[in-house]
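Worksheet for the structure shown next.
The values are calculated or read from the model by the stated rules, or taken from the named source; none is laboratory data. Quick caveat, the model's predicted, so the values are computed rather than measured. We place every Cβ from the backbone using ideal geometry, glycine too, and count neighbours over all the protein chains shown. Please note that ligands, DNA and RNA were not included when accessible areas were found on the heavy atoms of the full protein model with its side chains. Shrake-Rupley method; radii C 1.70, N 1.55, O 1.52, S 1.80 Å.
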Amino acid sequence: MSLRRRWAAIALLLAAVPARAHHGTAAGGFIGEEGPGAAIETTSALPLPARTLLFLGKEEYSRFRRYERAEPVNKAHFSFTTLGAGVGLLPWLSAYAFAPYAAKAQDTLGTSAGLGDPSLLAAVGLKWDEGLRLVPEKESLDELRDWHFSLWASGSAPLGSVARRDARGEPFEPEMQTGFGAPSGTLGAAVLKQVGTRLTFLADASHQRFLPHTYGDGARHEFGAETRVNAAAAWRVMARPRFRLDVLGELNGLRLARDRERAPGAASLEPLRASGGDVLYAALGARAHLGRLAIALGVKRAALTRLHEASEQQGSEGLEAYRATAVVSWAAGL
């Protein structure tokens, strides 16, 4: 495979790390001026080529709608910064590490900021070519138009803070902390199909579960499981030597189970009111590729929401004014 075609085949597997409802995700991508496109939130099923390194940085900013009922402690805005690195261990096996940082501002109570829970992820790449098989070491641009699939698993380590205090000196509530306090695990799958020379369809599904954590006051809290189903289309609008521009459209579906909590002295975890629900986001974005560098920008809003006790919620997913995302990634061969 020529050097140009090798870099045309490179794509980052987008992976969910600690949940967006409380901490943000990692996302990024790198491809060449030809080949399949990549989205921002929706996972690409293409693995990193063997002996390839990829570095990425992502910034996600969410501004929440304010309600009179939540005064004077409306959650104002969250920002999530994620640094990540990936490596192609084999043509069909990629591994990633992510380190998040969160800053969460709440009216009159100040900002909870600090490192989140780092995570590791492993992804296996598959394709359909007269049967399901592992992704080979070399694929031509024509072969990249075959159906591609991936399976991945990730886990986080509870290293983020769960003891941040507000302006009154009281501990922030669990969803305002920068860590979960306990490990979490995610399983996911993705599919990709390039149609013609310009259009790429992508879809994924994942499920993340959290273990409970006992806080300093004796309360035990468990974040609700998160199920995500995403779909995206990437349209190549311009391609020049060492440059490419795609426009992106995405739908991001999220089902949040209720959080559960056990008060000090209580016997068991009980579902919490005003937590969880279903959200469907609609997003638009663009991705530019300059050689081995990729830059993506996107914005999304909730198109449909069905939150539990929605009239009592504020500062949760589905109640944002908007979410804006910027991603930068760079790839290099070993």
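Just a few scattered comments:
- Surface share of carbon and sulfur [accessible, 1.4 angstrom probe, percent] for the stretch 138-238: 60
- Dividing the alpha-carbon radius of gyration of the chain by the rule-of-thumb value 2.2 N^0.38 Å gives 1.01.
- Pairwise label distance in nanometres, Ser140 with Arg209, each label 7 Å out on the Cα-Cβ vector: 4.6
- Extension gain for Glu71-Ala288 works out to 74.0 nm (0.36 nm per residue, less the C-alpha to C-alpha distance).
- Out-of-range pairs (alpha-carbon distance over 24 Å; input Lys58/Lys104; Lys127/Lys300; Lys138/Lys300): Lys127/Lys300; Lys138/Lys300
- Three-way shape call for the stretch 61-186 based on the alpha-carbon gyration tensor, with the a/c threshold at 1.5: prolate
- Under the convention that each Lys and Arg Cβ holds +1 and each Asp and Glu Cβ holds -1, the size of the dipole of the stretch 157-292 around its Cα centre is about 900 debye.
- On a per residue basis, the chain carries 42 Å² of accessible surface, using protein heavy atoms and a 1.4 Å probe.
- Charge dipole of the chain (Cα centre as origin; +1 on each Lys and Arg Cβ, -1 on each Asp and Glu Cβ, all else neutral): 800 debye, rounded to the nearest 20.
- Mean separation of Cα contacts under 8 Å, 6 or more apart, over the residue count of the chain: relative contact order %: 19
- Taking a point 7 Å from the Cα of Ala321 along the Cα-to-Cβ direction, the residues of the stretch 38-78 with backbone N closer than 18 Å to it are 60-78.
- Summed residue charge, Cβ within 14 Å of Gln314's Cβ, Lys/Arg positive, Asp/Glu negative: -2
- Estimated from helices alone, the mean residue ellipticity of the chain at 222 nm is -500 deg cm²/dmol (sum of -39500 (n - 2.57) over DSSP H runs with n ≥ 4, per residue).
- Full extension of the chain segment joining Glu170 with Ala153 gains 2.5 nm, where the gain is 0.36 nm per residue of separation less the Cα-Cα distance.
- Cross-link partners of Lys75 among aspartates and glutamates, defined as those whose alpha carbon lies under 15 angstrom from its own and excluding same-chain residues fewer than eight positions apart: Asp107, Asp166, Glu173, Glu175, Glu312, Glu317, Glu320.
- Exposed loop sites are taken as GluC sites (Glu not before Pro) in a DSSP loop (any state but H, G, I, E or B) with at most 15 other beta carbon atoms within 10 Å; the longest stretch of the chain without one runs 138-308.
- Most positive-pole-ward Cα, Pro49, Ser150, Tyr61, against dipole of the chain from beta carbon charges: Pro49
- Dipole of the stretch 32-108 computed with +1 at Lys/Arg Cβ and -1 at Asp/Glu Cβ about the Cα centre; of Pro36, Ala95, Thr108, farthest Cα towards the positive end is Thr108.
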